[in-house]
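Worksheet: one structure, shown below.
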Amino acid sequence: MKYNKTTMLKLINEHRALHDELKKLKSEMGLEKNFAVKALYHSFVAEEGPYMKEYQDLERL
């Protein structure tokens, strides 16, 4: 599975918890949006993360 920014943004928009986590990463760690989105991917999607199935479903569309 490969990181795709567009797919990840769709996933974030569909899940409020991911959206809140994105805001938190940006404010607390001072990350730019692109880096925060990538961090969310590695934390919540990659390697059997809790949102991996939803991410794969969005990739197929």
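The values are calculated or read from the model by the stated rules, or taken from the named source; none is laboratory data. Everything numeric here is computed off the predicted structure, so don't read it as measured data. In this analysis, Cβ positions are derived from the backbone assuming ideal geometry, glycine residues included, and neighbour counts consider all displayed protein chains. With ligands, DNA and RNA removed, areas are computed over all heavy atoms of the protein, side chains included. Shrake-Rupley method; radii C 1.70, N 1.55, O 1.52, S 1.80 Å.
What list of ³J(HN,Hα) couplings, whole Hz, do you get for the stretch 55-61 from phi and the Karplus terms 6.51, -1.76, 1.60, once you set θ to phi - 60° and write x for glycine and proline?
Calculated HN-Hα couplings, in order: 4, 5, 5, 5, 4, 6, 5 Hz.
Given the -39500 (n - 2.57) contribution per DSSP H run of 4+ residues, what per-residue ellipticity at 222 nm results for the chain, rounded to the nearest 500 deg cm²/dmol?
-22000 deg cm²/dmol
Evaluate the Debye formula for the chain with equal point scatterers sitting on the alpha carbons, no solvent, and hand back log10 of I(q)/I(0) at q = 0.12, 0.17, 0.26 Å⁻¹, in q order, two decimals.
Log-scaled intensity ratios, in q order: -0.24, -0.49, -1.11.
Can you run phi through the Karplus equation (6.51, -1.76, 1.60; θ = phi - 60°) for the stretch 36-46 and list ³J(HN,Hα) in whole Hz, with x for Gly and Pro?
Computed from phi, the couplings for the stretch 36-46 are 5, 5, 5, 5, 4, 4, 5, 7, 10, 10, 4 Hz.
In whole percent, how big is the carbon plus sulfur part of the accessible area of the chain, probe 1.4 Å, protein atoms only? Don't jump to the answer; show the numbers that get you there.
On the way: 2120 of 4310 Å².
Reported share for carbon and sulfur atoms: 49 percent.
Assign unit charges at the C-beta atoms only (+1 for Lys and Arg, -1 for Asp and Glu), then state the dipole size of the stretch 3-58 relative to its Cα centre in Debye, rounded to the nearest 20.
Working: 9 positive and 9 negative charges, 51 e Å.
Here the size comes out at about 240 debye.
From the phi of every residue in the stretch 9-16, what ³J(HN,Hα) in whole Hz does the Karplus formula 6.51 cos²θ - 1.76 cosθ + 1.60 yield, where θ is phi - 60° and glycine or proline is x?
Rounded to whole hertz, the list is 5, 4, 4, 4, 5, 8, 10, 4.
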